[in-house]
Amino acid sequence: MTFSKTDLTPKEKKYLKRQIRNVRNYVYFTIANLAAAIGLLSYYILTNKMFSGSTFALIIVLLLAARANLKQHKDSKLFIKLQEPEEHA
């Protein structure tokens, strides 16, 4: 399936350019979320504190956010591959 430049609206083109521009940031966000989740988990394990439900939920949310950022990174890499050669250069 091929797409021409006319298939995309200006808003869609702007979105794709922003995704491509932020490809590296998604990796940084993933690492930051994982570090925060692991740090919080380590803190509670090392201090022998009991996990509350809200702490467990926060760790799960951080891990899900890391997963979402990793997916954004993979999608952005795909957008780069799908971009036409003259636009990518």
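The values are calculated or read from the model by the stated rules, or taken from the named source; none is laboratory data. Small disclaimer: the values here were computed from a predicted structure and weren't measured. Counting neighbours? That spans all protein chains shown, and the Cβs are built from the backbone with ideal geometry, glycine included.
Some notes on this structure:
- Against the conditions (1) among the hydrophobic types (A, V, I, L, M, F, W, C); (2) in a helix (DSSP H, G or I); (3) at pLDDT below 90; (4) surrounded by fewer than 13 Cβ atoms within 10 Å (Cβ to Cβ), Met50 satisfies every one except (2).
- For region 21-46, the candidate set comprises residues that are of a type in the set (Val, Ile, Thr) and at pLDDT 90 or above; within that set, the residue that is farthest from the chain's Cα centre (by Cα) is Ile38.
- Scope region 23-36; condition touching a helix residue (DSSP H, G or I) at 6+ places or on another chain (Cβ under 7 Å) and farther than 11 Å from Asp75 by Cα; matching residues: Val27, Phe29, Thr30, Asn33, Leu34, Ala36
- First in region 1-18 and outside any loop (DSSP other than H, G, I, E, B), second anywhere and at pLDDT 85 or above and not β-branched (Val, Ile, Thr), Cβ under 6 Å, 6 or more apart: Leu16/Phe79
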